[in-house]
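The values are calculated or read from the model by the stated rules, or taken from the named source; none is laboratory data. Note that the coordinates shown come from a computational prediction; the quantities given were computed from them, not determined experimentally. So basically every Cβ, Gly included, is an ideal-geometry build from the backbone, and we count neighbours across all protein chains shown. Heads up: the accessible areas ignore ligands, DNA and RNA and are worked out on the full protein's heavy atoms, side chains in. Shrake-Rupley method; radii C 1.70, N 1.55, O 1.52, S 1.80 Å.
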Amino acid sequence: MAAPRVVIVGAGPAGVRAAERLVAAGLRPTVVDEGMRAGGQIYRQQPPGFTRRPEELYGTEAGRAVAVHGAFAALAGRIDYLPETLAWNIEPGLLHVARDGVARKLPYDAVILATGATDRLLPVPGWTRAGVYSLGGSQVSLKAQACAIGARVAFLGTGPLLYLVASQYLKAGVEVAAVLDTSPASARFKALPLMASRPGLLVKGAALMWKLRGVPILRGVTPLAIDGDDSGVTGIRVKDAGGREHRFAADAVAMGWHLRPETQLADLAGVPFEHDALSGLWMAQVQADGRTAVKGVYLAGDGARILGADGAEIAGTLAATSVLADHGIQVPVAEVVELIGRRAVMDRFRRGLLRAFPWPGHLAAAVPDDTLLCRCEAITAGELRRSASDLGAPEVNRAKALTRVGMGRCQGRYCGPAGQEILAAARGVALPEVGRLRGQAPVKPLSIATVVPLGVEDA
Amino acid sequence: MHQSDVIVVGGGLMGAATAFFLRKRGLSVTLLERGLCGQQASGTNFGNVRRQGRFLPQLPLANRSREIWGRLPELIGEDVEFIRTGHLRVGYRPEHVGMMEAYRDNAAPYGLELELISANALRERFPFIGPEAIAGSYSPNDGHANPRLSAPAFARAATRAGAKVVENCEVISIERGVEDFRVETKTGDIYRAPMVQVSAGAWGGRMAAAMGEPVPIQVKGPQMGVTEPVPYAITPVLGVTTKDLPEVIYARQVTRGNIVFGGVGHGPADLDTIRARVRPEVTLQQFGQLKRIVPALAKLNIIRVWSGIEGYMRDDIPVMGPSAKVPGLFYAFGFCGAGFQLGPGVGDVMAELIATGATTTPIEPFSIARFAEKA
Ligand SMILES: Cc1cc2nc3c(=O)[nH]c(=O)nc-3n(C[C@H](O)[C@H](O)[C@H](O)COP(=O)(O)OP(=O)(O)OC[C@H]3O[C@@H](n4cnc5c(N)ncnc54)[C@H](O)[C@@H]3O)c2cc1C
Ligand SMILES: Cc1cc2nc3c(=O)[nH]c(=O)nc-3n(C[C@H](O)[C@H](O)[C@H](O)COP(=O)(O)OP(=O)(O)OC[C@H]3O[C@@H](n4cnc5c(N)ncnc54)[C@H](O)[C@@H]3O)c2cc1C
């Protein structure tokens, strides 16, 4: 059998480990990543010329970051690495990419989609003001560019990233106005049995809380509004669990409610989706070993299930072993069994996290009518509700056709999850019944200047 | 059991408009739609309300339809964003200019006024047009509308006027009885009426075949895309006068700012899975033609592509009118990529035909009998 042509999308921990495993088996995979440098989200590298040390950049994760970067560097010359390259479309056997305004087709026998995740957002009155950022965006600006989003920042949302980014800002010398968590404190205790699967992480979490001592932390809050004037954010108002209103002055707000997998390519590739009740998200159907129902398409890392960075490394290696096995290349059974066992622990912890820091669907459903829901197309929550009541939209794609919610640049990445809650509540049906927005190419905006080089027909 | 004067099968723009105009004429009507009204070609199309370039014998129908587009908000009580923007086709080669001149001369007797514009005047009036264009043909009274809103708005207007519109209701058989047709749906319901209209779009061919009138229909998906929004600057709908499909491009800017485009080729469309795909290479080829007609578009990004399922007849002419075999049966399907503009007019004419047995607008060229004769 000729060596299979394998393309990996994403050079984060999942993609790097997948490439490493394939190279170990004697293959030469192609690795495509939009970013300038490998590393993905968590181990994002600073631009060339920036000189912060790994300990400053990655904190407790510095060792792992160095390991992943080192693993990737060691692959040089043994993989085809295409940085700053967007995978904008996929069809059976062909990945469509664009780099520097030039389009190319990459033929594949197997493609591993290790596309990572993006922030999951919830509209809050005032969230479109200048000075409001996603948690991830706030972290990226700190990590990549050493820039803070403000001088006095309030953090709103839920999940470990909320506390992590707040502590990173604190460490960078930024004043943290407050950490406002929508999850009730009680949820954390209920989730302990599942979270005990990774005691090390619980310890890290406790250390994180210690770093944040002295910062006002409110749990079980209901966001009321992000206040501001012409120059941007001036403060944030929330109601605490007891119903009392609090206001914190701030010149910037970072908000986020966990992450959502980047599933556009999997969707375009025809991978079936399922509704995950725990997170309230639609997810690509994938086996623990990365296989999907579509031949030749494998998923790994946050793009499949949010297992965290070390989970992504395991998932990347696993997906590679599946590719190898499917092409008749021997993989030690013990290796796969061990990886699947480790992945199961991560998955247990993932479920614990979702219980400890639940997605507040009820808050999404209650977003005031005049609050902007879809930022790209400037559509309010009320307009979406009217499409359900007056125009009879039974599911999100119809609502999109009638109101344009989810039709813009982000293709529903940011308004989608909240939009589903609003529509389901307006229709009085269960969340899965309103469905999910179908993906369309391009995965991200693609320049019309893009050309197909003459005489290049690689397929 | 459900009884009415007419059953309309398919709630695209054709079916929804027919139901509406039948109610205006006082007939009781039931519209049966497999999914949601306007979800297929009528909701996914480019939105061109264009007469310029049509098959000449279709112009009387297109004119009647254009007149209705102009009255829409009042007529149906909802705005579907129809605006009269003008429609401009450009030509790149001398032979294109010849085609434009001939079409202008032939269309004039039908009342379609077209203005030919030379290269210099073209760039003066439409400065965004690229240097390759050597002439333009401008139709001042054409324009565009929002396809996503149009058929659902007609269906709601029909409902308000007293039609029974049933969605999520797939018709699985149509049988002619002694007095009535018996129309059965997947939900197990039976509907009866002395008259039935098949307006099932690309699926119409299968229904006609089941009624003993097979037609040569091909199913394809025109390839669409849209840019990010930018300030409103391109008023007319743009197109190209050419016989070469690879250089066909059409584009319009909506007042919100996005530029919608299509052309160059078609993609596969499937009647059973109800899916139409965009071929990635067509998107890239469209980029080339977009930059040719409006070079400044090179500065924009596209944010989405899509397609829709359309039925194309072998002779590129729709099927419209009474069945040649079954009394009481009427057809309006297979609009060959150009039925959006015609929709309101088709509804009006079909309602007239069904209610009175004749039409004041000629539709003979569209008769299904043309295929039977050749067979
Ligand atoms: C904003 C953000 C901040 C995070 N911060 C932390 C943190 O501080 N601590 C922590 O433990 N976890 C954090 N996580 C989670 C952590 O990043 C992940 O668990 C881990 O990085 C997942 O690795 P991955 O390889 O699956 O994906 P990623 O590391 O996200 O890598 C995915 C890669 O795929 C590329 N890509 C995606 N789509 C395409 C495409 N169409 N074409 C080309 N390239 C593409 C991206 O450029 C990216 O480099 C964060 C996640 C996000 C989204
Ligand atoms: C991408 C694209 C771009 C286009 N651009 C333009 C343009 O710019 N200008 C223009 O004039 N035209 C354009 N067209 C053509 C135009 O959209 C169509 O000709 C027109 O919408 C056809 O309307 P219809 O009602 O016949 O079909 P459809 O809108 O397809 O409606 C048929 C309906 O019948 C229903 N149906 C099918 N089978 C059954 C069944 N068994 N039981 C019940 N219901 C059934 C379907 O669900 C569907 O809703 C374009 C078409 C496409 C696809």
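Give the residues of the stretch A:132-151 that are within 21 Å of A:Thr234 (Cβ to Cβ) and assigned to a helix (DSSP H, G or I), sorted by residue number.
Residues of the stretch A:132-151 that are within 21 Å of A:Thr234 (Cβ to Cβ), as a first pass: A:132-135, A:137-138, A:141, A:147-151.
Of everything in the stretch A:132-151, those that are within 21 Å of A:Thr234 (Cβ to Cβ) and assigned to a helix (DSSP H, G or I) turn out to be A:Leu135, A:Gly137, A:Ser138, A:Ser141.
Give the stretch A:88-105 a look and list any residue that's open to solvent by less than 10 Å² (accessible area, probe 1.4 Å) and either of a type in the set (A, V, I, L, M) or within 16 Å of ligand 2 (Cβ to nearest atom) (or both), or say none. Across the stretch A:88-105, the qualifying residues are A:Ile90, A:Leu95, A:Val97, A:Ala103. The residues of the stretch A:409-430 that are over 20 Å from A:Ala388 (Cβ atoms) and within 11 Å of another protein chain (Cβ to nearest Cβ), listed by number, are A:Arg409, A:Cys410, A:Gln411. Picking from residues in the stretch A:152-191 that are open to solvent by less than 10 Å² (accessible area, probe 1.4 Å) and in a loop (DSSP other than H, G, I, E, B), the one that is nearest to ligand 1 (Cβ to nearest atom) is A:Gly159. Of the residues in the stretch A:431-454, not one is of a type in the set (Gly, Ala, Ser), free of Cβ contacts under 8 Å to residues at least 40 places away in the same chain and more than 10 Å from chain B (Cβ to nearest Cβ). Of all the residues in the stretch A:41-60, those that are buried (at least 19 other Cβ atoms within 10 Å of the Cβ) and either modelled with pLDDT of 85 or more or more than 19 Å from the chain's Cα centre (by Cα) (or both) number 1. Candidates B:Ala200, B:Ala193: the one that is under 17 Å from B:Ala19 (Cβ atoms) and either open to solvent by 40 Å² or more (accessible area, probe 1.4 Å) or touching a Ser or Thr at 6+ places or on another chain (Cβ under 9 Å) (or both) is B:Ala193. Any chance the stretch B:206-227 includes a residue that's among the polar types (S, T, N, Q), within 16 Å of ligand 2 (Cβ to nearest atom) and either open to solvent by 30 Å² or more (accessible area, probe 1.4 Å) or away from chain A (no Cβ under 14 Å) (or both)? Checking the stretch B:206-227: at least one residue is among the polar types (S, T, N, Q), within 16 Å of ligand 2 (Cβ to nearest atom) and either open to solvent by 30 Å² or more (accessible area, probe 1.4 Å) or away from chain A (no Cβ under 14 Å) (or both). Pairs meeting the criteria (first residue in the stretch A:379-391 and open to solvent by less than 50 Å² (accessible area, probe 1.4 Å), second residue among the hydroxyl-bearing types (Ser, Thr, Tyr), beta carbons under 8 Å, at least 6 apart or on different chains) are A:Ile379/A:Thr403; A:Thr380/A:Thr371; A:Ala381/A:Thr371; A:Leu384/A:Thr403; A:Ser387/A:Thr403.
All of (1) open to solvent by 40 Å² or more (accessible area, probe 1.4 Å); (2) basic (Lys, Arg); (3) within 16 Å of ligand 1 (Cβ to nearest atom); (4) within 14 Å of A:Trp282 (Cα to Cα) hold for A:Arg409 with one exception: (4). Within the stretch A:290-310, the residues that satisfy the criterion of being among the hydrophobic types (A, V, I, L, M, F, W, C) and not in a strand (DSSP E or B) are A:Ala293, A:Val294, A:Ala300, A:Ala304, A:Ile306, A:Leu307, A:Ala309. Kindly indicate whether A:Ile329 is within 17 Å of the chain's Cα centre (by Cα) and open to solvent by 40 Å² or more (accessible area, probe 1.4 Å). No; evaluated as a whole, the condition is false for this residue. When A:Val345 is tested against the conditions (1) open to solvent by less than 50 Å² (accessible area, probe 1.4 Å); (2) more than 12 Å from every other protein chain (Cβ to nearest Cβ), the lone failure is (1). The residues listed here are A:Arg385, A:Arg409, A:Arg413, A:Arg438; of these, the one that is on the phi < 0 side of the Ramachandran plot and modelled with pLDDT of 95 or more is A:Arg385. In the stretch A:1-104, counting only helices (runs of 4 or more DSSP H) that sit wholly within it, the ones holding 2 or more residues that are within 30 Å of A:Glu335 (Cα to Cα) span A:13-24, A:62-74.
Which numbered condition in (1) in contact (Cβ under 8 Å) with a residue 40 or more places away in the chain; (2) of a type outside the set (Gly, Ala, Ser); (3) open to solvent by 30 Å² or more (accessible area, probe 1.4 Å) is the only one that B:Arg71 fails? Evaluating B:Arg71 over (1) in contact (Cβ under 8 Å) with a residue 40 or more places away in the chain; (2) of a type outside the set (Gly, Ala, Ser); (3) open to solvent by 30 Å² or more (accessible area, probe 1.4 Å) leaves (1) as the failure.
When A:Trp359 is tested against (1) more than 30 Å from A:Gly220 (Cβ to Cβ); (2) open to solvent by less than 40 Å² (accessible area, probe 1.4 Å); (3) out of contact with any helix residue (DSSP H, G or I) (no Cβ under 7 Å at 6 or more places or on another chain), exactly one condition is not met: (1). Residue by residue through the stretch B:284-310, note down the ones that are in contact with a Gly (Cβ under 8 Å, 6 or more places away or on another chain), open to solvent by less than 20 Å² (accessible area, probe 1.4 Å) and at the interface with chain A (Cβ under 7 Å from one of its Cβ atoms). Correct list: B:Ile302, B:Ile303, B:Val305. Among the charged types (D, E, K, R) and in contact with a strand residue (DSSP E or B) (Cβ under 7 Å, 6 or more places away or on another chain) - does that describe any residue in the stretch A:203-210? Among the residues of the stretch A:203-210, not one is among the charged types (D, E, K, R) and in contact with a strand residue (DSSP E or B) (Cβ under 7 Å, 6 or more places away or on another chain), which makes the answer no. Can you pull out the residues in the stretch B:320-375 that are aliphatic (A, V, I, L, M) and open to solvent by 40 Å² or more (accessible area, probe 1.4 Å)? Those that are aliphatic (A, V, I, L, M) and open to solvent by 40 Å² or more (accessible area, probe 1.4 Å): B:Ala324, B:Ala355, B:Ala358, B:Ala372, B:Ala375. Determine whether B:Leu238 is at pLDDT 95 or above, surrounded by fewer than 19 Cβ atoms within 10 Å (Cβ to Cβ) and away from chain A (no Cβ under 14 Å). For B:Leu238, the condition - at pLDDT 95 or above, surrounded by fewer than 19 Cβ atoms within 10 Å (Cβ to Cβ) and away from chain A (no Cβ under 14 Å) - is not met.
Against the numbered list (1) away from ligand 2 (no atom under 15 Å from the Cβ); (2) within 19 Å of B:Thr159 (Cα to Cα), B:Ala19 comes up short only at (1). Look at A:Ile79 and say whether it is within 14 Å of chain B (Cβ to nearest Cβ) and modelled with pLDDT of 95 or more. Answer is no for this residue. Taking every residue in the stretch A:199-225 that is closer than 19 Å to A:Gly59 by Cβ and in the same structural domain as A:Ala166 (by TED's automatic domain parsing) and pairing it with any residue that is of a type outside the set (A, V, I, L, M) and modelled with pLDDT of 95 or more, at least 6 positions away or on another chain, the pairs with Cβ-Cβ distances below 6 Å are A:Leu208/A:Tyr163; A:Leu208/A:Ser167; A:Lys211/A:Ser167; A:Leu212/A:Ser167. Hey, any hits in the stretch B:130-137 for a residue that's away from ligand 2 (no atom under 16 Å from the Cβ), within 14 Å of chain A (Cβ to nearest Cβ) and either crowded, with 16+ Cβ neighbours inside 10 Å or in contact (Cβ under 8 Å) with a residue 24 or more places away in the chain (or both)? So far as the stretch B:130-137 goes, yes, one or more of its residues are away from ligand 2 (no atom under 16 Å from the Cβ), within 14 Å of chain A (Cβ to nearest Cβ) and either crowded, with 16+ Cβ neighbours inside 10 Å or in contact (Cβ under 8 Å) with a residue 24 or more places away in the chain (or both). Note on the stretch A:269-305: among residues that are within 23 Å of A:Ala424 (Cβ to Cβ), surrounded by fewer than 19 Cβ atoms within 10 Å (Cβ to Cβ) and not aliphatic (A, V, I, L, M), the one that is farthest from the chain's Cα centre (by Cα) is A:Pro272.
Yes or no, residue by residue, for (1) more than 19 Å from the chain's Cα centre (by Cα); (2) within 14 Å of chain A (Cβ to nearest Cβ); (3) farther than 27 Å from B:Ser307 by Cβ:
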site	(1), (2), (3)
B:Gly26	yes, no, yes
B:Leu56	no, no, yes
B:Glu67	no, no, yes
B:Leu88	no, no, no
B:Gly98	yes, no, yes
B:Ala102	yes, no, yes
B:Asn106	yes, no, yes
B:Leu116	yes, no, yes
